[in-house]
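What follows is a set of notes on a single structure, which appears directly below.
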Amino acid sequence: MSTSIGILNYFAFFVLYIICFVFFYNKFSEIIGFSILIVIHFAFLLYATNDIIKIFQYSYFFIQMMACFSIIIGLTFHTVVLIFILMVINNMQVKYTKKYGTPLNLPNKYKNKMELIKRLMIASFCLGSVILYILFYYNHDLNHNFTTIMRYFNIIDLIKYKTLFFTLSASFALIGISSYQVYIGNTFTQLSRQQLMDKPK
């Protein structure tokens, strides 16, 4: 961003995301971490999308548009996964407490899914942060005709247009990770379609 206020706002969101990640890696604050994260994520979704759309509207270059598209897809899919998780956990918490009178304890199968979702969230967060940084501070490095570059491509171009190729790779990676995250999140919802889990021993 060009203003100090914009920089501070994004830095504040960055710190809040990190705090939430710390919370949901703590066994006793996991649900709280996810609950706070979805609130922060919705706020960031609204805030960042406005800036991304401005770049997208005035962009005439494929890599810039691809980067913007990947950020919007990543933020949207991230929101979907968070909704999946909170719906399932809250639903199962009620059922589990009613039947066993104890806090929810996920079976190993779903603990592994949850762990994978957390890792994918952090990976998509890191990729999204890097792409945003490039869009805001190195956007001029993306102002190249990708079709022309590929038409006359040689190995030297990988170095010359390293930011361009890195951004393209990161954008595809973010879309892929976000899509897989939704797939895993959807399989995680099978918990809510069970009558009730067997209590782990």
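Details
- When each of Lys27/Lys118; Lys27/Lys109; Lys27/Lys113; Lys118/Lys162 is checked by Cα-Cα distance, pairs over 22 Å: Lys118/Lys162
- The simple Förster model, with R0 at 35 Å and r as the Cβ-Cβ distance, assigns Ile36 and Gln57 a FRET efficiency of 0.60.
- Whole-Hz ³J(HN,Hα) from phi, Karplus 6.51 cos²θ - 1.76 cosθ + 1.60, for region 20-27, glycine and proline x: 5, 4, 5, 4, 7, 9, 9, 3
- Protection proxy ranking of 65-78, 40-53 - average other beta-carbon atoms within 10 Å, highest first: 65-78, 40-53
- Per-residue Cβ neighbour rank within 10 angstrom, fewest leading, Val81, Val22, Val88: Val22, Val88, Val81
- Cβ crowding within 10 Å, taken as a proxy for footprinting-reagent exposure, orders Cys126, Cys20 from fewest neighbours to most as Cys126, Cys20.
- Fully extended contour minus Cα-Cα distance, from Ile72 to Lys111, at 0.36 nm per residue: 11.2 nm
- Using θ = phi - 60° and Karplus 6.51 cos²θ - 1.76 cosθ + 1.60, couplings along region 47-56 (whole Hz; Gly, Pro as x): 5, 6, 4, 4, 5, 5, 4, 4, 5, 4
- Only Lys, Arg, Asp and Glu carry charge here, each on its Cβ (+1 for the first two, -1 for the last two); on that basis region 4-193 has a dipole of about 760 debye about its Cα centre.
FYI, it's all coordinate maths here, none of it is from the lab. Fair warning: this is a prediction, and the values are worked out from it, not measured in the lab. Cβ sites come from the backbone with ideal geometry, for glycine too, and all protein chains shown count toward neighbours.
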